[in-house]
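Before any comments, here is the structure.
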Amino acid sequence: MKPLSDRNRSPRRSTPPDDACPTCGKAMIVSKEELPTVINGERVQVPGVEHLHCPSCGEIVLPYEDARALREQGVEVYRRQHGLLTAEDIRTLRQQLGLTQAQLATLLQLGLNTVSRWESGRNVQSGALDLLLKLLRDVPGTLDYLRRAA
Ligand SMILES: [Zn+2]
């Protein structure tokens with residue numbers, strides 16, 4: 001058989017050959033049931049993140065990439081529940097203002113990587129900073145005001 005024919009057969013990342021539960025040793029199954037995660041000290045339920053679930057003891061195993069997806073989607077769920085701007089809202093607003101991530105961070109007197117973390121879903125903005133972002137979006141003159149204050 002030619003090597004090329006194997007290209008469509010790469011094993012799925014989330015179903016490793018050894019699917020034994022690390023706690024009880026029973027076979028685990030792939031699941032997309034809701035998972036809990038903690039964002040800003042608050043528990044949120046995140047749907048649709050693939051993981052291994054042990055039907056015997058309830059153990060859950062998340063590959064690294066899926067653990068990151070759980071965190072990022074948890075941040076989005078948290079934002080919706082608290083009426084905060086989403087990652088996409090923030091990116092769109094920033095682009096409408098014609099600012100780079102670093103320029104917006106500087107205007108808001110934050111660390112240079114803060115806006116990048118908001119837009120990638122690694123961190124969630126505080127309620128106070130969310131309000132500042134909405135002022136930038138909704139109140140004419142706010143950008144000039146922040147530029148004078150910087
Ligand atoms: Zn188990």
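The values are calculated or read from the model by the stated rules, or taken from the named source; none is laboratory data. Since we're looking at a predicted model, the values are computed, not measured. We place every Cβ from the backbone using ideal geometry, glycine too, and count neighbours over all the protein chains shown.
Residue under question is Leu136, and the condition is that it be of a type in the set (A, V, I, L, M, F, W, C), part of a helix (DSSP H, G or I) and farther than 21 Å from Glu42 by Cα; does it hold? Outline the logic, then answer.
Values: of a type in the set (A, V, I, L, M, F, W, C): yes; part of a helix (DSSP H, G or I): yes; farther than 21 Å from Glu42 by Cα: yes.
Yes: the conditions hold for Leu136.
Under 20 Å from the mean Cα position of the chain (by Cα), of a type outside the set (D, E, K, R) and within 30 Å of Gly25 (Cβ to Cβ): is that true of Tyr64 in this structure? Against the criterion (under 20 Å from the mean Cα position of the chain (by Cα), of a type outside the set (D, E, K, R) and within 30 Å of Gly25 (Cβ to Cβ)), Tyr64 qualifies. Just the residues that are small (Gly, Ala, Ser), surrounded by fewer than 17 Cβ atoms within 10 Å (Cβ to Cβ) and touching a residue at least 24 places away in the same chain (Cβ under 8 Å), please, taken from segment 90-133. Correct list: Ser120, Gly127. Among the residues of segment 39-76, the one identified as surrounded by fewer than 17 Cβ atoms within 10 Å (Cβ to Cβ), among the hydrophobic types (A, V, I, L, M, F, W, C), touching a residue at least 12 places away in the same chain (Cβ under 8 Å) and not in a loop (DSSP other than H, G, I, E, B) is Ile60.
Taking the conditions (1) at pLDDT below 95; (2) under 30 Å from Cys21 (Cα atoms); (3) not basic (Lys, Arg) in turn, Leu112 satisfies each one other than (2).
Going through (1) within 26 Å of Leu35 (Cβ to Cβ); (2) outside any helix (DSSP H, G or I); (3) not assigned by TED's automatic domain parsing to the domain that holds Arg43 one by one, Asp130 falls short only on (2). For segment 17-71, filtering for residues that are closer than 21 Å to Glu119 by Cα and either touching a Cys at 6+ places or on another chain (Cβ under 9 Å) or of a type in the set (Asp, Glu) (or both) leaves 3. When Leu146 is tested against (1) over 30 Å from Cys21 (Cα atoms); (2) assigned to a loop (DSSP other than H, G, I, E, B); (3) touching a Leu at 6+ places or on another chain (Cβ under 8 Å), only condition (2) is not met.
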